[in-house]
Every structure is written in C-alpha cells, then in structure tokens.
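The values are calculated or read from the model by the stated rules, or taken from the named source; none is laboratory data. None of these values were measured; they are calculated from a predicted model. Glycine gets a Cβ as well: all are built from the backbone with ideal geometry, and neighbour counts include every protein chain shown.
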Amino acid sequence: MAIKNINIENAIIECNKGLLCVEAQNINLKNITLLTQDKTIGQIQNSQNVTLENIKYGNNADTFLKVQGTRSKAIRLLNTDIKNVKNGVVLGEKVGGAVVLRK
C-alpha cells in the first residue's frame, strides 16, 4: 500500500537514516531541517508528486537525493541549496532527467 498525502512544514528531524519515499504520492516537505547520520539525505523510489522545498541538512552529506524506479515522476526540489554536497541529485539507470525539477 502506498503512502499518500503527507504534508510536513517547519520541522527539525534528527534520524539515523535519511528520508525514504517508496511508492509514495503527494508528499510535501517545506522548511525542514534533516539531520541524519547517513551520507545520503533522501531517497525516492517509484514515487510521484514529491515536493522538497527549503530543505536544510547537516554538513556530513555526500548525496542530497537519489531518485530510482521507472514510476518516479514529478519530483520537485525548490529553494534548496545543494551546492555543498558532492553529489546533488543522483538518478537511477532508468530515470529520465526531466523527472526532477529544480528551482
């Protein structure tokens, strides 16, 4: 069963593993700080309509976001600075570049 219609705003989340969206729809994270022990801030697999807006993160990250799965689409990364990570957005083998919109 897919997770759907999750909205989280103005939160600080401390976790061992980063954000993971699998088979998710209509996920919105806005003004979130993700402090994770993992080197990857987030992973999205076969999910649609995921918006990450104004996301902050710790300084130990190597990868901001990994997107995998042929059913992934409409991933939006808005107002989020990913210049300080080695690998900003990493796309899986069969994920097209148009899947992730960055503004």
Please find, among ALA74, ALA98, ALA61, the residue that is among the small types (Gly, Ala, Ser), farther than 14 Å from LEU20 by Cβ and at pLDDT 95 or above.
ALA74
Picked from region 3-17 (must be under 15 Å from ILE41 (Cα atoms) and under 14 Å from the mean Cα position of the chain (by Cα)), the residue surrounded by the most Cβ atoms within 10 Å (Cβ to Cβ) is ILE13
Only listed residue being surrounded by 14 or more Cβ atoms within 10 Å (Cβ to Cβ), closer than 17 Å to LEU101 by Cα and out of contact with any Pro (no Cβ under 7 Å at 6 or more places or on another chain), chosen from LEU20, LEU34, LEU78, LEU65:
LEU65
Among what's in region 81-103 and is assigned to a strand (DSSP E or B) and among the β-branched types (Val, Ile, Thr), pick the residue that is surrounded by the fewest Cβ atoms within 10 Å (Cβ to Cβ).
VAL90
Of LYS56, LYS66, LYS39, the only residue that is out of contact with any Asp or Glu (no Cβ under 6 Å at 6 or more places or on another chain), basic (Lys, Arg) and closer than 18 Å to LEU91 by Cβ is LYS66
The strands (runs of 3 or more DSSP E) lying wholly within region 1-57 that contain at least 2 residues that are of a type in the set (Gly, Ala, Ser), modelled with pLDDT under 95 and under 19 Å from GLY69 (Cβ atoms) are none
Which listed residue, of LYS73, LYS56, is within 18 Å of LYS103 (Cβ to Cβ), in contact with a helix residue (DSSP H, G or I) (Cβ under 7 Å, 6 or more places away or on another chain) and not polar (S, T, N, Q):
LYS73
